[in-house]
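Comments concern the structure below.
Just so it is clear, none of the values below were taken in a lab; they were calculated from the coordinates. As the structure is a prediction and not an experimental result, all values here were calculated from the model. Positions of Cβ are generated from backbone atoms using ideal geometry, with glycine treated the same way; all protein chains shown enter the neighbour counts.
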Amino acid sequence: MTDWSQRKKRKQDVSARASVPNHMYGSCRVIHCGKPARAGTADGLDERYCRAHADHNQRHGSPLKGSYTAKELNPYRRAALAWMRVGSTQAPSRA
Ligand SMILES: [Zn+2]
């Protein structure tokens, strides 16, 4: 059974902690970033990265790794499309 009052209390507790900047986390861990970590601002509780690097880390698995370019991906896309076209004309093999 869900205790909604407990969830509401937890939500209020987390938002209250997130809204108070913690000056222990005054800088992002990415070298030369210069922005404060999200726990150092009123933006969140992330103790390692600023908003931009946290978002990038969430998307790519690293705060520094860039996105793959279309030039890098296109050979694989063409190979996959060719494989799908060949596969659609042949019966699936079950060995
Ligand atoms: Zn940063």
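Some values worked out for this structure:
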{"item": "Qualifying position, being among the small types (Gly, Ala, Ser), at positive phi and loosely packed, with under 13 Cβ neighbours inside 10 Å, among GLY34, GLY66", "result": "GLY34"}
{"item": "Residues that are over 14 Å from HIS56 (Cα atoms) and more than 9 Å from the ligand (Cβ to nearest atom), drawn from the range 33-43", "result": "ALA39, GLY40, THR41, ALA42, ASP43"}
{"item": "Pair list, Cβ < 8 Å and 6+ apart or interchain, from the range 10-22 residues that are within 11 Å of ALA42 (Cβ to Cβ) to residues that are part of a helix (DSSP H, G or I)", "result": "PRO21/ALA39; PRO21/GLY40; ASN22/ALA39; ASN22/GLY40"}
